[in-house]
1. In segment 65-76, what count of residues is obtained for those that are in contact (Cβ under 8 Å) with a residue 40 or more places away in the chain and either under 21 Å from residue 132 (Cα atoms) or buried (at least 19 other Cβ atoms within 10 Å of the Cβ) (or both)?
2. Restricted to segment 145-156, and to residues that are touching a strand residue (DSSP E or B) at 6+ places or on another chain (Cβ under 7 Å) and in contact (Cβ under 8 Å) with a residue 40 or more places away in the chain, which residue is surrounded by the most Cβ atoms within 10 Å (Cβ to Cβ)?
3. May I ask you to verify whether residue 17 is more than 19 Å from residue 149 (Cα to Cα), more than 21 Å from the chain's Cα centre (by Cα) and part of a loop (DSSP other than H, G, I, E, B)?
4. Quick test for you: out of 56, 79, pick the one residue that is modelled with pLDDT under 90 and either in contact with a strand residue (DSSP E or B) (Cβ under 8 Å, 6 or more places away or on another chain) or under 30 Å from residue 201 (Cβ atoms) (or both).
5. Could you list, ordered by first residue, the pairs with Cβ atoms under 8 Å in which the first is in segment 30-47 and more than 18 Å from residue 231 (Cα to Cα) and the second is in a loop (DSSP other than H, G, I, E, B) and of a type in the set (Ser, Thr, Tyr), at least 6 apart or interchain?
6. Go through (1) in contact (Cβ under 8 Å) with a residue 60 or more places away in the chain; (2) buried (at least 17 other Cβ atoms within 10 Å of the Cβ) one by one and return the number of the condition residue 99 breaks.
7. Is there any pair linking a residue in segment 110-131 that is without any contact (Cβ under 8 Å) to a residue 24 or more places away in the chain to one that is open to solvent by less than 90 Å² (accessible area, probe 1.4 Å), with Cβ under 8 Å and at least six apart or on different chains, and which?
Amino acid sequence: INERLNLKQKILFEIGLKLANVFVCQNEYQYQMLKAKYPKKKITKIFNPINTNIANNKKNAFENKSYYAWIGLFSKQKNLKDLFKIASKSLNSTFCIAGKAISLDDETSEYVNKLKELPNVKFVGFLKRSDILEFLSNAIALINTSYYEGFSNTFLEAWKAGVPVISTIRVNPDNLITAHDLGYVCSDVDEQILKIDYLEKNKMQLLKHFNNKCESYVRENHDSRIIAQQLIEYLTNLPE
């Protein structure tokens, strides 16, 4: 978060951290960083919640899933350069990009324009939160190219829709993708391209496999009622 703040915001953020008595963080990396900086403060890790009661009535049949989804604001952090590499070397696959520009740096602007020139790329604009589940439900997989993320809510939305995530070793919070078989964690962009090709060739079998894994994982670990109860128990049991 700190990297995206201006100087004034960073100062206020640091003051807020120093004044806080209790921290609740999203992943093990954040937990260890806070522990190292504030060893005497109370810190716990609670995963992001998602409402699993909202039914996904628009889920497409596996054979009709037709594209790879990418969701995010167009910024340097999101690494559209690698997305361009993936799409330009996977011309037999369709990529649908949902998002909008924010303070475009030169590199991001360059690769947004390059992506628009590819015949297998479609820009669908900025989606409302209520539209994201349907968008993901029709996807074969969610592609992540970010240089860094905390715990992406988009991952949870993809898994709720039964859709695997194809990410890199840079973004695999708490090793969840690997540990729970929720997609693929790749060493680099070339491996992401290989995994897309592998999914294309084994689409029906793999999507059925990932659908069950992803939906079960979210329901058992991120349901908003479960997360709320964890938070209540933590705050209730804090020492006076």
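The values are calculated or read from the model by the stated rules, or taken from the named source; none is laboratory data. Computed from a prediction, not measured in an experiment: that's the story for all the values here. Positions of Cβ are generated from backbone atoms using ideal geometry, with glycine treated the same way; all protein chains shown enter the neighbour counts. When the accessible area is computed, the model is the full protein with side chains, heavy atoms only, and any ligands, DNA or RNA have been set aside. Shrake-Rupley method; radii C 1.70, N 1.55, O 1.52, S 1.80 Å.
1. Here is the first cut: in segment 65-76, the ones in contact (Cβ under 8 Å) with a residue 40 or more places away in the chain are 65-72, 76.
Then keep just the ones that are either under 21 Å from residue 132 (Cα atoms) or buried (at least 19 other Cβ atoms within 10 Å of the Cβ) (or both); that gives 65-72.
Residues in segment 65-76 being in contact (Cβ under 8 Å) with a residue 40 or more places away in the chain and either under 21 Å from residue 132 (Cα atoms) or buried (at least 19 other Cβ atoms within 10 Å of the Cβ) (or both): 8 in total.
2. Going through segment 145-156, the residues touching a strand residue (DSSP E or B) at 6+ places or on another chain (Cβ under 7 Å) turn out to be 154-156.
Within this subset, residues satisfying the condition of being in contact (Cβ under 8 Å) with a residue 40 or more places away in the chain are 154, 156.
Details: 154: 19, 156: 21.
Applying the filter and picking the extreme gives 156.
3. Working: more than 19 Å from residue 149 (Cα to Cα): yes; more than 21 Å from the chain's Cα centre (by Cα): yes; part of a loop (DSSP other than H, G, I, E, B): no.
In short, no.
4. Going through 56, 79 in turn, just one is modelled with pLDDT under 90 and either in contact with a strand residue (DSSP E or B) (Cβ under 8 Å, 6 or more places away or on another chain) or under 30 Å from residue 201 (Cβ atoms) (or both): 56.
5. none
6. It fails just one condition, (1).
7. 116/123
For (1) under 19 Å from residue 69 (Cα atoms); (2) free of Cβ contacts under 8 Å to residues at least 24 places away in the same chain; (3) part of a helix (DSSP H, G or I); (4) open to solvent by 50 Å² or more (accessible area, probe 1.4 Å), each residue gets a yes or a no:
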{"residue": "195", "(1), (2), (3), (4)": "yes, no, yes, yes"}
{"residue": "198", "(1), (2), (3), (4)": "yes, yes, yes, yes"}
{"residue": "204", "(1), (2), (3), (4)": "yes, no, yes, yes"}
{"residue": "217", "(1), (2), (3), (4)": "no, no, yes, no"}
{"residue": "230", "(1), (2), (3), (4)": "no, no, yes, yes"}
{"residue": "233", "(1), (2), (3), (4)": "no, yes, yes, yes"}
